[in-house]
Amino acid sequence: MLVAELLLDDTISCCCKFCKMKHVTAFLLLSCYFLSSNANVSFSNNTVTSLPSPSSNLGTSPLDIECRDYHKLHNSSLWCNFINTTDNCRMDEGFINYIYTAFCKFDIKYLPLIATLYAIWLIFLFVGLGTSAEGFFCPSLEYIAHNLNLSQNIAGLTIVAFGNGAPDLFSAFAAFNNSNATTTGVAIGALLGAAMLLTTVVAGLVATTHEFTIAERPFMRDMVFFIASSFWTFYILYNGEIKLMSSVGFLIFYIFYVLVVVVGRYINQRNRAKMVAKLEREKAQQVINTSGETSTIADENTPLISSPNTSARNTNNNNADREADWTDVKLRTNSWNNEKHVSFNVPDEQKIEDSESSLEKILEGDVDVDFAGKSMLYVLLVGLRPFSASKWAKSGFIKKTVMFMQVPWKVFCHATIPLVGIEANHKRWNRPLNCLSLLISPPLCVFATKGGHVMIGGVFPVWALLLIIGALFAAIVWFTSSNTKSPPYQWVFAYTGFVVAIILTYTIANEIVNLIQTFGTMLNLTNVIMGLTFLAWGNSIGDVIADVTLARQGYPRMSMSACYGGPLFNLLIGLGLPCTVHILRTNKPILVKFTHLEAVICGGLLFSLCTSFVLIPIRKFRITPSYGYLLLLIYAVFLLVSILAGVGVI
């Protein structure tokens, strides 16, 4: 009877799933076709009564059975029945039941082909997650912070940090709030794995670019908080459950960290101002070296590599805080869009090459196009175009491959998520495109949250009502604005774009988590290992490219600070916020299965942090390539030991 009830629940859940995404590439069309076929799953009564019990096949309690235990069944004909009758195999949060599709919709001999298509689909979803989070979610956050007149410190520690860690946070939300309790291991593995990756691999690669000295005070402060947070995480995981007090404690601990940063920054700047005033009175801002050269007071934002373009900027930075925090000027290279965003430090006027056409100027994100006298179709196509021909020509093979996969995501996001520029000459106003987003985004949000079947009074669908409301607002905007001038209420679009970007990014993150769980099942690996590797690597690609590129451009100090400040935010908020929401929603603590693997991961992270905490002060805060190679070696050993622990060898 229990098996029949579980199967009936799965049948109802699977019948409610659907997939409506369309993509332009042929191989992705094929992938979406066989994946979306999962939407019409049904079972007969004869199938229900003939399914064997998983516990009877494996000789264990049903509570101890994981989905990957199908490997213990030597008869492959039993695999589908096992998948159907095992709670651990359920996928209720996403649109596609990847496990059921792989093992029950197709013959087992096609499993390698299905795994290959799943891998392509996973890469495509990672590109979509990066595109929506960094290309559309982050700009909305930046405008909101600008609109609220937040200070650089507060904005950097909240808005900018949240934007930079958006992929990790959305993935954690999707994993912790999944109906399958074992997916919490995906989130824990991803958050701890990303922290380990950034503090060893990325920091090591940054260290190999230049030999430089980091700021003492911010480094020691971040390391103390990071080590304390990691030890606290280990203690909670060791207890086997995350209670409300613990999850809220993570949030409070980060608020305390913000206060320490703000107060310390204020005191340091005040002392700095006094020192600069004294130097000005003594007319000694420039100190003559014994070699006859002049030197200026360097700060954390001063590049190590001098150039004619940076010399003037270095002079203007003389009065800056020598121990500038990683949150003040977080230069983020958008690996998905090949753009650089300097949070809240955008110049008032941007130089534009005369040789560029007006179309390429807006596509490169430099300035708005003058649409006077242009047709509505032309204006709409300009807004939907993913990138310019010049950007495509300048890109290499790998970048072109990523850009090719970005095309459907960028077109879709441009059509549904309105963007608002901060600068006076860059408002990003596009009347037909913004009206189109008002028309499409309301029903899109309904379908993305699985509300497409909800009826008003059992007759009228909710999505149709929101479509009518969206059409009404689109008409109002159309008749109260023009193509050449942004309306005074354009700021509203930043907030609507923020909401739509959250829903879209969270939906993509759900699919990624389900795919990670599916690959763990196929490869007979735990969810923690899958989160530690695939999810952590996928979400950290942007950080690796951004920080290493920034270091090579002459800013290794800033990159090194971001390697420790960024994952600290992700760990505290990534564990605190999703767990708090889940516990308040279910009134139950989150159960965590503590094994040797969790101990290895937490121990490895604490070991790498303590190693840096001891060695860097001994080396007088001097970072050299040899130190970078040591960090890379630590991660290689950590990864090897973690995988061996995950497969049960140790």
GLU93's amide H: which non-local residues (gap 5+, or another chain) put their own amide H closer than 5 Å, with H modeled 1.01 Å from N in plane and none for Pro or chain starts? SER179
When the chain is fully extended, how far beyond the present Cα-Cα distance does VAL262 get from VAL499, taking 0.36 nm per residue of separation? 82.5 nm
Taking θ = phi - 60°, what integer Hz values does the Karplus form 6.51 cos²θ - 1.76 cosθ + 1.60 yield along region 596-611, in sequence order, with x for Gly and Pro? 4, 5, 4, 5, 5, 5, 5, x, x, 5, 5, 5, 5, 5, 5, 4
Residues with amide H under 5 Å of THR213's amide H, sequence separation 5 or more or different chain, H placed in the peptide plane at 1.01 Å from N; which? ILE623
Work out from phi, with θ = phi - 60° and the Karplus expression 6.51 cos²θ - 1.76 cosθ + 1.60, the ³J(HN,Hα) of each residue of region 384-394, listed in order in whole Hz, and give x for Gly and Pro. 8, 4, x, 7, 8, 5, 5, 5, 5, 5, 7
Arranged from highest to lowest average of other beta-carbon atoms within 10 Å per residue, in what order do the peptides 243-254, 601-612, 447-458 appear? 601-612, 243-254, 447-458
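Say the cut-off is 26 Å between C-alpha atoms; which of LYS109/LYS400; LYS72/LYS593; LYS374/LYS427; LYS410/LYS450; LYS394/LYS485 go over it?
Details: LYS109/LYS400 34 Å; LYS72/LYS593 21 Å; LYS374/LYS427 18 Å; LYS410/LYS450 23 Å; LYS394/LYS485 32 Å.
Over 26 Å apart, Cα to Cα: LYS109/LYS400; LYS394/LYS485.
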Phi angles of region 125-141, converted by Karplus (6.51 cos²θ - 1.76 cosθ + 1.60, θ = phi - 60°) into ³J(HN,Hα) in whole Hz with x for Gly and Pro, give 5, 5, 4, x, 5, x, 5, 5, 6, 8, x, 10, 6, 5, x, 5, 4
Taking a 1.4 Å probe, which of LEU630, LEU73 shows the most accessible area, and what order do the others take after it? LEU630, LEU73
So who's got an amide H within less than 5 Å of the one on GLU241, skipping anything under 5 residues away but keeping other chains? H placed 1.01 Å off N, in plane. VAL592
At 0.36 nm per residue, minus the direct Cα-Cα distance, what do SER77 and TYR235 gain on full extension? Give it in nm, one decimal, please. 52.6 nm
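The values are calculated or read from the model by the stated rules, or taken from the named source; none is laboratory data. It should be emphasised that the depicted structure is a prediction, and the values quoted were computed from it without experimental measurement. Positions of Cβ are backbone-derived with ideal geometry, glycine not excepted, and every protein chain shown enters the neighbour counts. Calculation scope for accessible area: heavy atoms of the full protein, side chains included, ligands and nucleic acids excluded. Shrake-Rupley method; radii C 1.70, N 1.55, O 1.52, S 1.80 Å.
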